[in-house]
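Encoded as structure tokens, the structure appears first; notes follow it.
The values are calculated or read from the model by the stated rules, or taken from the named source; none is laboratory data. This is a predicted model, so every value here is computed, not measured. Methodologically, a virtual Cβ is constructed for each residue, glycine included, from the backbone with ideal geometry; neighbour enumeration extends over all protein chains shown. To get the accessible areas, we keep the full protein, side chains included, count just its heavy atoms, and leave off ligands, DNA and RNA. Shrake-Rupley method; radii C 1.70, N 1.55, O 1.52, S 1.80 Å.
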Amino acid sequence: MLVTALITTLPPDTALYTVTLIGIVVALVGAASLLGLENFRERTPRAVRSGWLGIVALGQVTITCWALRNVFEQDPGPDIVFGVAVATAALGVVVACVVEACASGPSTPTVQG
């Protein structure tokens with residue numbers, strides 16, 4: 001979805017297009033690494049991990065809103081099914097990012113006494 005927005009917004013022969021495309025790919029690959037690779041997750045500082053996942057979650061919320069807007073503007077048909085699938089997948093990514101970001105947050109100290 002982000003790449004589709006990029007293609008429809010910027011002309012593909014500009015430096016801004018290339019930089020934006022690389023930024024999208026790096027953000028998504030980084031989030032996938034943080035979510036899927038324990039070794040990568042452990043080596044990344046907590047603030048960076050939470051911030052990175054938060055930014056990706058916000059991007060996925062944007063994708064969800066865009067997909068649902070398209071669903072409600074369409075006539076009944078296969079595009080609605082695709083839009084709902086995209087929105088559901090994006091919400092799944094949001095949940096995964098939020099859960100991981102919260103899990104990587106500071107733990108509350110226990111009082112012993």
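List the residue pairs whose Cβ atoms are under 7 Å apart, where the first residue sits in the stretch 94-112 and is part of a loop (DSSP other than H, G, I, E, B) and among the hydroxyl-bearing types (Ser, Thr, Tyr), the second is at pLDDT 80 or above and open to solvent by 90 Å² or more (accessible area, probe 1.4 Å), and the two are 6 or more positions apart or on different chains.
Partner pairs satisfying both residue conditions: 104/46.
Could you please tell me which pairs satisfy a Cβ distance under 9 Å, a separation of 6+ or placement on different chains, a first residue in the stretch 30-44 that is more than 17 Å from residue 55 (Cα to Cα), and a second residue that is among the polar types (S, T, N, Q)?
From residues that are more than 17 Å from residue 55 (Cα to Cα), the pairs are 40/33.
Residue under question is residue 89, and the condition is that it be at pLDDT 85 or above and surrounded by 12 or more Cβ atoms within 10 Å (Cβ to Cβ); does it hold?
Yes.
Is it the case, given these coordinates, that residue 59 is without any contact (Cβ under 8 Å) to a residue 12 or more places away in the chain, out of contact with any His (no Cβ under 6 Å at 6 or more places or on another chain) and under 30 Å from residue 45 (Cβ atoms)?
no
Mind checking which pairs have a first residue in the stretch 10-29 that is within 17 Å of residue 51 (Cα to Cα) and modelled with pLDDT under 85 and a second that is open to solvent by 50 Å² or more (accessible area, probe 1.4 Å) and hydrophobic (A, V, I, L, M, F, W, C), Cβ under 6 Å, 6 or more apart or different chains?
Going by the 6 Å Cβ cut-off, the qualifying pairs are 24/2.
Which residues, taken from the stretch 48-69, are open to solvent by 80 Å² or more (accessible area, probe 1.4 Å) and over 21 Å from residue 89 (Cα atoms)?
none
Within the stretch 93-100, is even one residue open to solvent by less than 70 Å² (accessible area, probe 1.4 Å) and acidic (Asp, Glu)?
Within the stretch 93-100 (the criterion being open to solvent by less than 70 Å² (accessible area, probe 1.4 Å) and acidic (Asp, Glu)), the answer is yes, since at least one residue qualifies.
Within the stretch 37-56, track down each residue that is in a helix (DSSP H, G or I) and either among the aliphatic types (A, V, I, L, M) or in contact with a strand residue (DSSP E or B) (Cβ under 9 Å, 6 or more places away or on another chain) (or both).
Correct list: 47, 48, 53, 55, 56.
When the stretch 92-105 is examined, which residues are found to be at pLDDT 85 or above and aliphatic (A, V, I, L, M)?
Selection gives 93, 94, 95, 96, 98, 99.
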